[in-house]
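A.B. asks: If you scroll down you'll find the structure; I have some questions about it.
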Amino acid sequence: MKKKLMRVAAVLPLLYFGWWAASSRGVAPPASPLALEETLRAHGGREAIDAIAAFRAQAVRLTSTQPPAFFERGMTLDVAGAKFRRQIEAPLGQRPQVEWFDGQRGFQLNSLDRAEKQPSVLAMNERRLQAVKSNVALFGLLPILQRCAELGVGTIAQDGGSERFSKFRVKTSAGEWTIYTDRSHLIRQVEIGPWLLQFADYRSVGDLRLPFVQRLSSGQRLVYELVFSAIELNPAFPAGYFTAETPAREVVH
């Protein structure tokens, strides 16, 4: 089982490069920006999306090993601007895995069992930090909507579709994405390089419409599925919440 989990984990650092550094695959014919605007409007609109400066999302991540086997972990992600903090439930008897970014540096708690008095704070190396950033950027649809809301008119190109789905491409500083929306203009799939994200179970969260189920696949292989239990918009995090010392104190208690 340990070897299987290592193979899944090895995929995650590569995800960073697929998200932030994918190269453009060429320039498509110009298209009306209406497809993007309708999509943003279906999810709450540019103004509502731009108003989200912070969020908290809780989910269970079901990670595929070898079908039909999988393992599950509870996850909580807190984001405020460029800062974030992620906590993943650990096996029984161990402390949760906590990783955070204070806007400049990344940290993590060492994996000690709960019998130890004080976990130590370790600085993340650059490779690990980029892998965690990649996961954060794909945790739910909201980060994707925020990136789309930043796009200008010249960044969209129509790319066909079908009776069930509309399809268009957007060019970002990170490369080109292909977005599929349903008849209600809700996003159902996003292709980012070799990665396919699928979304389902849309619900109202404040002024937004967000999915509570997300799947990430590569080719025919399911990497993981997220089932969200709660999404909170613009929560008030206490002072020092993303500093190096705070998570260590909280995990001890």
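Computed from the coordinates by the stated procedures, all read-outs in this text should not be read as laboratory data. Computed from a prediction, not measured in an experiment: that's the story for all the values here. Cβ: placed from backbone, ideal geometry, glycine included. Neighbour counts: every protein chain shown.
A.B. asks: If we sort 54-62, 178-186, 215-223 on the protection proxy, mean other Cβ atoms within 10 Å, highest first, what's the order?
C.D. replies: 54-62, 178-186, 215-223
A.B. asks: Could you give each residue of the range 71-86 its phi-based ³J(HN,Hα) in whole Hz, using Karplus coefficients 6.51, -1.76, 1.60 with θ = phi - 60°, and x for Gly or Pro?
C.D. replies: 10, 10, 9, x, 9, 10, 10, 10, 10, 9, x, 7, 8, 8, 8, 10
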